[in-house]
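Engineer: Structure below; questions to follow.
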């Protein structure tokens, strides 16, 4: 806890302290990002298959009911592909590639079943990230910031005792950096966490499927820092 003595009078000093706090909160929902890529001999076939995959995904989301908040198809690209053939590497048309990408917003308890269902459709699960709803994040940050203020009060009392005095009036209280006396390296808070998980595509022709994938929701860490200056009365 840094100490800055601004000025001395006969019986008082001014100190600047830091208050810090953090806490963990369960995620409100997950963002499950998926993709699918395949090649067809004609552009029309690639587009048709891409639309068919999207339809399957929408059916899968609908079957999950309230467990899936929303499904968004972010892109469906169809591009011509080429191979280099012969000793002169002549470009030769090889087909049409379709790429589908999107995401689902899923309730934490439904994620294991939804991921298994998506793999059964045949898409790849590229990434899962965990988030707080805006209202939850705001309430969490307020609660943690109050703890950070309490920590600053404790720090001021510790310094006052060390100086053989008592804490007097609060002079200033601010977010990090606003008092110009202390610099903090950590951010004030966060409201999401990435799991870094990726899943390989499973073939859709198997006759037996696991009904869920064992995935643990992340806890979201919210942190807050404050700066405060106090008058200390010296005995």
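Engineer: Starting from the alpha-carbon convex hull of region 32-141, give the projected area averaged over all orientations, in nm². List each step's numbers first, then the result.
Structural biologist: Numbers: hull surface 37.1 nm².
Convex hull of Cα atoms, orientation-averaged projection: 9.3 nm².
Engineer: What whole-number distance in Å separates the alpha-carbon centres of region 22-98 and region 130-170?
Structural biologist: So the separation of the two Cα centres works out to 48 Å.
Engineer: Give me log10 I(q)/I(0) at q = 0.27 Å⁻¹ for region 91-135, Debye formula, one equal scatterer per alpha-carbon, no solvent.
Structural biologist: Evaluating at q = 0.27 Å⁻¹ gives log10 I(q)/I(0) of -1.12.
Engineer: Of the listed peptides 123-134, 79-90, what is their order by residue-averaged count of other C-beta atoms within 10 Å, with the highest listed first?
Structural biologist: Values: 123-134: 18.3, 79-90: 9.4.
Those peptides, ordered most packed to least, come out 123-134, 79-90.
All of the numbers you see were taken from the coordinates with simple rules; none came from a lab. No experiment lies behind these values; they were computed from the predicted model shown. All Cβ positions, glycine included, derive from the backbone under ideal geometry; neighbour counts span all protein chains shown.
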